[in-house]
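Undergrad: Before we start, here is the structure in question, set down as C-alpha cells.
The values are calculated or read from the model by the stated rules, or taken from the named source; none is laboratory data. Small disclaimer: the values here were computed from a predicted structure and weren't measured. In this analysis, Cβ positions are derived from the backbone assuming ideal geometry, glycine residues included, and neighbour counts consider all displayed protein chains.
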Amino acid sequence: MPYRDPNARKEHQRRYYQEHRDKLRKQQAQYHRENRERLQEAEHNYYQENREEILKKKAQYYQQRKTDPEWRSKRREYSRTKMAERRRKNPEEARKEGRQSMQRYRQKDKVAAYAKLVEWRKANPKRYRMISQRASAHTRGKKLGAKGKFSTTYVRRLLKKQGCKCAICKKPFPPKKTPRRFEIDHIVPFIKGGSNYPINIQLLCPSCNRRKGSKIS
C-alpha cells in the first residue's frame with residue numbers, strides 16, 4: 001500500500017496530480033468560484049488572527065532575500081516582465097497608474113525626490129536633454145492642435161540613421177558630452193500644419209535649426 005510510507009504517499013500523490021492535472025485544476029477553479037465569499041472571509045479572519053506573526057515572517061523572508069543577488073536579479077526581471085505585460089494589455093491604465101505612483105512618491109518626500117532627479121540629470125545629461133526636448137515638442141504640439149507622438153527610442157534610432165550628422169549641413173554633431181549636441185526639429189513646422197509623427201522629425205545642429213526657423217525643409 002503506498003499510503004503507509006510517507007515518501008511513497010508523496011510520490012503517489014505527485015504522479016496522480018501529473019496524470020489528472022487539468023481535471024483537478026478545473027475542480028479547484030469551480031470550487032473557488034462557488035465559494036469565493038466564504039474563502040475570502042476565512043482568509044481575512046486568519047490574517048486578522050495571525051497578523052503579527054505573518055508580517056514578522058514576511059519581514060524575515062525579505063530580509064534574507066535582499067542579501068541574495070541572484071534572487072534580486074530574478075525578482076527585478078520578473079517585475080519588468082509583469083509590467084511590460086500589463087502595459088501591452090492596458091497601456092492607458094498603466095500610464096495612469098504610473099503617473100499616480102510618481103505623484104504619491106513626490107508628495108511623500110519632495111526634497112528627496114528633487115535631489116534624486118538632480119542627481120539623475122547630472123549622471124545622464126544626454127538622455128535628460130533628449131527627454132526634455134521631446135516633452136517640449138509634445139507640449140507645444142498639443143497647444144497648437146498637432147497630431148502624433150514620437151519616442152526617445154525613435155530619436156536614438158534617427159541619430160544613428162543620420163550618421164550622427166546634421167540633416168541640413170551634414171556636419172558631424174559635437175562630442176557626446178556637449179550640452180546642446182543636437183536639436184529635435186520638425187520638417188514641417190506646427191504653424192504650417194506640421195505634426196509630431198516620427199516622419200516629420202529630423203535632427204539638426206543648433207545653428208541650422210536657428211537659420212531654418214519656421215521654413216519647411
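Undergrad: Got a sec? Which of Met130, Met83 is of a type outside the set (Gly, Ala, Ser) and closer than 30 Å to Val188 by Cβ?
TA: Met130
Undergrad: Could I ask something else about it? For a quick check of your reading of the model, give me the residue pairs whose first member lies in segment 154-172 and is within 13 Å of Ile199 (Cα to Cα), whose second is surrounded by 12 or more Cβ atoms within 10 Å (Cβ to Cβ) and modelled with pLDDT under 90, with beta-carbon atoms closer than 6 Å and at least 6 apart or on different chains.
TA: What qualifies is Val155/Met130.
Undergrad: Continuing with the same structure: For segment 61-107: of the residues being part of a helix (DSSP H, G or I) and more than 21 Å from the chain's Cα centre (by Cα), which is surrounded by the most Cβ atoms within 10 Å (Cβ to Cβ)?
TA: Arg65
Undergrad: Then there's this: Scanning for something modelled with pLDDT under 90, part of a loop (DSSP other than H, G, I, E, B), touching a strand residue (DSSP E or B) at 6+ places or on another chain (Cβ under 8 Å) and buried (at least 19 other Cβ atoms within 10 Å of the Cβ), does segment 152-166 turn up at least one residue?
TA: Taking every residue of segment 152-166 in turn, none turns out to be modelled with pLDDT under 90, part of a loop (DSSP other than H, G, I, E, B), touching a strand residue (DSSP E or B) at 6+ places or on another chain (Cβ under 8 Å) and buried (at least 19 other Cβ atoms within 10 Å of the Cβ).
Undergrad: Kindly list the number of the only condition in (1) crowded, with 16+ Cβ neighbours inside 10 Å; (2) without any contact (Cβ under 8 Å) to a residue 40 or more places away in the chain; (3) assigned to a helix (DSSP H, G or I) that fails for Ile199.
TA: Every condition holds for Ile199 apart from (1).
Undergrad: For Ser136, which of the numbered conditions (1) without any contact (Cβ under 8 Å) to a residue 12 or more places away in the chain; (2) touching a Phe, Trp or Tyr at 6+ places or on another chain (Cβ under 7 Å) fails to hold?
TA: That leaves (2) as the condition not met.
Undergrad: Tell me which residues, restricted to segment 108-130, are of a type in the set (A, V, I, L, M, F, W, C) and either closer than 24 Å to Arg156 by Cα or surrounded by 12 or more Cβ atoms within 10 Å (Cβ to Cβ) (or both).
TA: Matches in segment 108-130: Ala113, Leu117, Val118, Trp120, Ala123, Met130.
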